[in-house]
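Reviewing the structure listed below.
No lab work stands behind these numbers, since they all come straight from the coordinates. From a predicted model like this one, the values you see are computed outputs, not experimental measurements. All Cβ positions, glycine included, derive from the backbone under ideal geometry; neighbour counts span all protein chains shown.
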Amino acid sequence: MGSKLAVEVEHASDIDLARQAGSGDELAFEEIVRRYGPRVFRIAGRFFRQRSAVEEISQEVFLRAYTQLGTYEGRGSFEGWISRIATNTCLNEIRKAKRHPEFYAADLTDDEENWLETRLAGSSLSDDYFERGIIAADLADKVLGSISPEDRVILIMLDGEDLPVKEVCEITGWSQSKVKIRAMRARRKLRKTVERMINSRRTPAKGRLR
Amino acid sequence: MRCRQVRKAIDEQLPDAAEAGRRLAILAHCEACAECRGVLEAAEMTARLIQARSFQEIEPSPFFRTRVLAAIRERGAVVVRRQTERLWSSARVIVASMFVVVVVLLAMNLFAPKPVDRIGGEDAVRRDSVERIVMDDNSTADESLTSGQVLDTVFAQGDSYGID
C-alpha cells in the first residue's frame with residue numbers, strides 16, 4: 001500500500017504534487033524535495049561555497065516553499081517558481097549578512113598571486129589544476145565579493161554557467177532588458193577591478209589599490 | 001572601431017563569443033591599442049574567474065529530505081505553540097477577571113455579616129425557645145426531658161399567664 005502510494009507520488013505531475021503537499025501530504029512534499037533538491041542546491045551554490053551554508057539555505061528555501069505552496073497557481077513551471085524562491089532567499093540572506101566589501105589587490109594570498117602570475121604569463125600548463133581548483137574559486141569569490149549579490153548571481157549564471165538570458169529572467173523574475181543591462185554593467189565593474197589587480201601586479205610600487 | 005566602442009563591445013560579450021566580423025574588428029583594434037588590449041586581457045581574466053567560481057557543484061546529502069521534513073514538523077509545532085500563546089494572551093484578561101470575581105465572592109462569604117432571620121428575629125435562634133425544645137428531640141441539653149414533660153411545662157406556664 002505504502003509502496004504503491006510512493007510510486008504514484010513519484011509519477012505525479014508538479015502541479016498535483018504541489019496541491020497534495022499544500023493540503024498537508026508529507027509524501028508529496030518529500031517528492032518535491034527529491035526532485036528539486038539538486039536545483040536548489042545549485043542556486044544556493046552560486047551564492048555560498050561551504051556545504052553547510054548551502055544545505056542550511058536550501059532547507060530554508062524548502063521551508064518557505066512549503067508555507068507558500070498555496071500561492072503557486074500552476075501558471076508558470078514549478079521549477080521556475082521554486083528557483084525564484086531560492087534566488088530571493090539567497091539574496092536576502094546575503095544582504096542580511098554583510099555589505100559587499102571593497103576588493104584590495106594586497107589581500108591576495110600567495111597561491112592567488114601565483115595563479116594570477118601564471119595566467120598573466122600566458123602559461124596553460126596548469127590550467128586544469130588551477131581553474132578547477134580552490135585557488136581560482138577563492139580569488140573569484142574575493143573579486144565577485146566587490147559587486148552586489150544581484151550582479152554576482154547574474155554573471156555566474158550568464159558567464160559561468162552559460163544559461164540563456166530567458167532562463168535567467170525566469171529564475172530572477174526580472175525582464176530581459178534588465179538582465180542584459182545589469183550584466184553589462186556588472187562585467188564592466190568587475191573587469192575594472194580585475195584590471196586594477198593586474199596593474200598592481202605589474203607595477204607593485206603602486207601598493208594598495210581599490 | 002573606436003576605443004569606446006571596443007570596450008562597450010567587450011563588456012557586452014567577449015570576442016570569442018561574438019560573431020566573426022565583430023570579433024576580428026575588436027582583435028584588430030586591440031593589436032594596435034595597448035589600453036584596449038589591457039581591457040580585453042582583464043575581461044578574459046574576469047570570465048575565467050567567474051567560470052572557476054561556477055565550477056563547484058554541491059549535491060544534497062541523502063539525509064537532506066529527512067532534515068527538511070523534520071524542520072517542517074518542528075516549525076509546525078512552533079506555530080501551534082505560538083497560536084496557543086496568542087490565544088492565552090487574549091484570554092488572559094477574561095481568566096483574570098473571572099479569578100477576581102471568585103476571590104471577591106469568597107471574601108464576601110467569609111467576612112460579610114451573617115444574615116438575620118427576618119421572620120423569627122432574635123428569638124428564632126434562641127436555644128431555649130419553646131419551638132426548638134419541642135421540635136429538637138435530640139438536643140443534648142434537654143436529653144432527660146420527654147416531649148410530654150415539655151408540653152406539660154408549657155401548658156403549666158400558659159395557665160399562669162391566663163392562656164386557655
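What order do you get for B:CYS33, A:CYS90 when you list them from fewest to most C-beta neighbours inside 10 Å?
Details: B:CYS33 16, A:CYS90 25.
Ranked by crowding around the Cβ, least crowded first: B:CYS33, A:CYS90.
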- [ ] Between B:ARG37 and A:MET184, take the C-beta separation as r, use R0 = 22 Å, and let me know the FRET efficiency to the nearest 0.05.
- [x] 0.60
Task: Inter-chain Cβ neighbour average for residues A:141-148, partner chain, 10 Å - done: 2
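Given R₀ = 22 Å, what would the calculated FRET efficiency be for B:SER61 paired with A:GLU79, taking r from the Cβ atoms and rounding to 0.05? Before the final figure, lay out each step's value.
Numbers: r = 21 Å, r/R0 = 0.97.
The formula returns an efficiency of 0.55 here.
Considering every residue in A:50-59, what mean count of other chain Cβ atoms within 10 Å of its Cβ is obtained? Can you show the working numbers first?
Values: counts 1, 4, 0, 1, 4, 7, 1, 0, 5, 7.
Mean shielding by partner chains, rounded to a whole number: 3.
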Open item on the list: From the phi angles alone, apply the Karplus equation (6.51, -1.76, 1.60; θ = phi - 60°) to the range B:48-53 and give each ³J(HN,Hα) in whole Hz, x where the residue is Gly or Pro.
Closed with: 5, 5, 5, 5, 5, 6
Task: Sparse-neighbour loop sites [GluC sites (Glu not before Pro); the range A:18-80; at most 11 other C-beta within 10 Å; DSSP] - done: A:GLU73
Open item on the list: Using a Debye calculation, one point per C-alpha and no hydration shell, please list log10 I(q)/I(0) for the range A:2-97 at q = 0.13, 0.20, 0.22 Å⁻¹ in order.
Closed with: -0.44, -0.94, -1.08
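Set the Förster radius R0 to 25 Å, insert the Cβ-Cβ distance between B:LEU24 and A:SER175 as r into 1/(1 + (r/R0)^6), and round the FRET efficiency to 0.05.
Using R0 = 25 Å, I get an efficiency of 0.20.
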